[in-house]
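The values are calculated or read from the model by the stated rules, or taken from the named source; none is laboratory data. None of the values given here were measured: they were computed from a predicted structure. Note that each Cβ is placed from the backbone with ideal geometry, even for glycine, and that neighbours are counted across all protein chains shown.
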Amino acid sequence: MIAINQPPQPRGDLSLQTIAMPKDTNANGDIFGGWMLSQMDLGSAILAQRIAKGRVTTVAISGMAFLRSVPVGAIVSCYCELIGVGRSSMTINVEVWINIESTNKPAKVTEGEFVFVAIDDDGKTRAVPEQS
């Protein structure tokens, strides 16, 4: 049964949570998109490292969409979901959600797909271990 008027829910699991600080603002006083992108990279890297059981590197970001601005003081939550694994690569969907202070309702502010490659200690590509 589908619940009616259910608020939207993030896809994936919580990987990273932080607070948007004044030092991370753009000229308009909102959180700078580059800062948000770096949080998404960190959050998805946590999942990629867990899957790869070791070092990874970001090789691509696609499908990036900024849906709304983020105010200073917002709790920023990155939710990550594995959407594909190749021989050495992993594609991870990242959604960033905040709670809107005035309504205390969650809102998705951005999303994107991050592709990582598993690497060895010398920085060379290696296979992603079989998932159990």
Residues that are more than 26 Å from ASN26 (Cβ to Cβ) and touching a Phe, Trp or Tyr at 6+ places or on another chain (Cβ under 6 Å): does the range 108-118 have at least one?
no
State whether the residues of the range 56-79 include one that is touching a strand residue (DSSP E or B) at 6+ places or on another chain (Cβ under 9 Å) and on the phi > 0 side of the Ramachandran plot.
yes
Those residues of the range 35-66 which are closer than 29 Å to THR25 by Cβ and small (Gly, Ala, Ser) amount to SER38, GLY43, SER44, ALA45, ALA48, ALA60, SER62, GLY63, ALA65
Residue that is nearest to ARG87 (Cα to Cα) [pool: residues in the range 26-56 that are polar (S, T, N, Q) and surrounded by 14 or more Cβ atoms within 10 Å (Cβ to Cβ)]
GLN49
Counting only residues in the range 84-117 that are farther than 16 Å from ASP41 by Cβ and hydrophobic (A, V, I, L, M, F, W, C), the one modelled with the lowest pLDDT is identified as ILE100
Only one residue in LYS108, LYS23 is of a type outside the set (Asp, Glu), surrounded by 14 or more Cβ atoms within 10 Å (Cβ to Cβ) and on the phi < 0 side of the Ramachandran plot. Which one?
LYS108
Filtered residue count, the range 43-61, keeping only those that are in contact (Cβ under 8 Å) with a residue 40 or more places away in the chain and over 11 Å from VAL94 (Cα atoms):
11
If you go through the range 102-130 one residue at a time, how many are assigned to a loop (DSSP other than H, G, I, E, B) and touching a strand residue (DSSP E or B) at 6+ places or on another chain (Cβ under 6 Å)?
2
